[in-house]
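The values are calculated or read from the model by the stated rules, or taken from the named source; none is laboratory data. The shown structure was predicted, so the numbers you read here are calculated from the model rather than taken from an experiment. In this analysis, Cβ positions are derived from the backbone assuming ideal geometry, glycine residues included, and neighbour counts consider all displayed protein chains. For the accessible areas, the whole protein counts, side chains as well, though only heavy atoms, and no ligand, DNA or RNA atoms are used. Shrake-Rupley method; radii C 1.70, N 1.55, O 1.52, S 1.80 Å.
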Amino acid sequence: MSFDLASRLAARRAEDLYRQRPLLQGPQGPEVVVDGQRLLAFCSNDYLGLASHPEVIRALREGAERWGVGGAASHLVVGHSQPHHQLEEALAEFTGRPRALLFSTGYMANLAAVTALAGRGDTVLEDRLNHASLLDAGLLSGARFSRYLHNDAASLAARLEKAEGNALVVTDGVFSMDGDIADLPALCAAARARDAWLLVDDAHGFGVLGASGGGCVEHFGLGIEDVPVLVGTLGKAFGTAGAFVAGSEELIETLIQFARPYIYTTSQPPAVACATLRSLQLLQEEGWRRERLRQLLARFREGAAALGLPLMDSQTPIQPLLVGDSGRALRVSARLRERGLLVGAIRPPTVPAGTARLRITLTAAHDAAQVDRLLDALAQAWREAGDD
Ligand SMILES: Cc1ncc(COP(=O)(O)O)c(C=O)c1O
């Protein structure tokens, strides 16, 4: 007896669920070189076009010269350097929270926050479409774990009625595969009515939503008493890498003392923190990036509606086109690629069965002509994939 990996892989192929990694042969940008082909890409999360910004690159280079490359140890040993600390202070100020704590990835920040707060005897309630890292965190916590209907405060309230111990409500701010914004005012009200805490992972809202890029809490005007645990990631609109949790002094100290994904890992390279400090400044000073995104979004949605394409209801840079069948989603994506466009087909288990989709994302680095090219190519690819 041994693990029958060949059959598992064959089954995945047969179901049109096999995943492949496009090989990127140049920097991020609206145009990328993938597997030797120059493509116009609509699938990155570099929403503000900062990942290849010359000043962010310069900050990284200068940071490496000054601080070296590796973090060298965990934060609690000798890996917590001045750029990490400065970035935490800047993120606390940016989010209007007393403190922020830096992590190497969003996946780890989510595991850390949920498992440090909730454990045996407690209850974790999550939106059923939450990001995998949040769902994994809920399972790992050992708390009673249940998923409420998507973005449905009444479904949450019904589950809160039966909650045991301390209750933690967990939601994406902007849903990563759907692009819709969580109804935070209603979710907050339901949580507060039962003395539960709300954790919002705003990986896709930070930098994009709110007048100054403060994300969905700024969009809705919510404070720390509404959202005591706020998670943001830095690999998307910030264009760098890592993540943070922002909240009260006590929350951050609790994470430092008890969060295993914080304690038992090497700190991120300090130069990355230097780069993020620069991108945070750009994100705050250059409001035109958010404005450009809004204009491109309006142009895209108007064009897609005129073509009768089934775009999902989203006001964010994530503009999924619902296909349903995984095979057809792959075919539309392949047809787009033949026309020089890169758009990923997202299939189960990342999304629920029968809801495969093209996850189209726009960035401030795109221009109107590129959006028009996308619309033309979509119109043709959509038709052709239906005829295959
Ligand atoms: C909603 C959400 N949370 C967390 C993460 C994980 O963040 P990271 O890529 O920094 O691990 C992602 C995606 O990467 C995400 O979409």
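With kT/(6 pi eta Rh) evaluated at 4 °C and eta = 1.567 mPa s, and Rh the Kirkwood radius from Cα pairs, segment 276-350 diffuses with a coefficient of 88 µm²/s according to Stokes-Einstein. Taking one quarter of the surface of the convex hull spanned by the alpha-carbon atoms of segment 49-106 gives a direction-averaged projected area of 5.0 nm². The Cα center of segment 264-293 and the Cα center of segment 171-204 differ in position by 24 Å. Distances between placed amide hydrogens fall under 5 Å for Ile360 paired with Gln319, Leu321, all partners being 5 or more residues away or on another chain. Our compactness index for the chain, the C-alpha radius of gyration over the empirical 2.2 N^0.38 Å, is 1.00.
Each peptide in 369-380, 126-137 was scored by the mean count of other Cβ atoms within 10 Å over its residues; highest first, the order is 126-137, 369-380.
Each Cα pair under 8 Å and six or more residues apart adds its sequence gap; the mean of these over the residue count of the chain is a relative contact order of 22 percent. How big is D, in µm² s⁻¹, for segment 303-388 by Stokes-Einstein at 20 °C and 1.002 mPa s if Rh is the Kirkwood radius over C-alpha pairs? So the translational diffusion coefficient is about 165 µm²/s. Going by accessible surface with a 1.4 Å probe and the largest first, Phe244, Phe258 read Phe258, Phe244. Note: segment 184-342, Cα convex hull, 191 Å³ per residue.
Backbone geometry of segment 311-320 corresponds, through the Karplus equation with coefficients 6.51, -1.76 and 1.60 at θ = phi - 60°, to 3J(HN,Hα) couplings of 5, 6, 7, 9, 10, 10, x, 8, 10, x Hz, x marking Gly and Pro. Along its three principal directions, the equivalent ellipsoid of segment 211-257 from the Cα gyration tensor extends over semi-axes of 20, 17, 6 Å, largest first.
Working note: Debye formula, equal point scatterers on the alpha-carbon atoms of segment 124-207, no solvent; log10 I(q)/I(0) at q = 0.14, 0.19 Å⁻¹ is -0.40, -0.75.
Per residue, the convex hull around the alpha carbon atoms of segment 110-169 comes to 60 Å³. Under the rule a/c < 1.5 gives rounded, and otherwise a/b versus b/c splits prolate from oblate, where does segment 235-314 land using the Cα gyration tensor? Prolate is the answer for segment 235-314, as a/c is 1.5 or above and a/b outweighs b/c.
Residue separation of Ala193 and Leu5 scaled by 0.36 nm, minus their Cα-Cα distance, works out to 62.8 nm of gained length. DSSP beta bridges fully contained in the chain are about 60 percent antiparallel. Distance between the C-alpha centres of segment 1-30 and segment 124-144: 25 Å, rounded to the whole angstrom. The spacing between segment 329-388 and segment 215-251, judged by their C-alpha centroids, is 31 Å. Multiplying the residue separation of Val34 and Leu76 by 0.36 nm and removing their Cα-Cα distance gives an extension gain of 11.1 nm.
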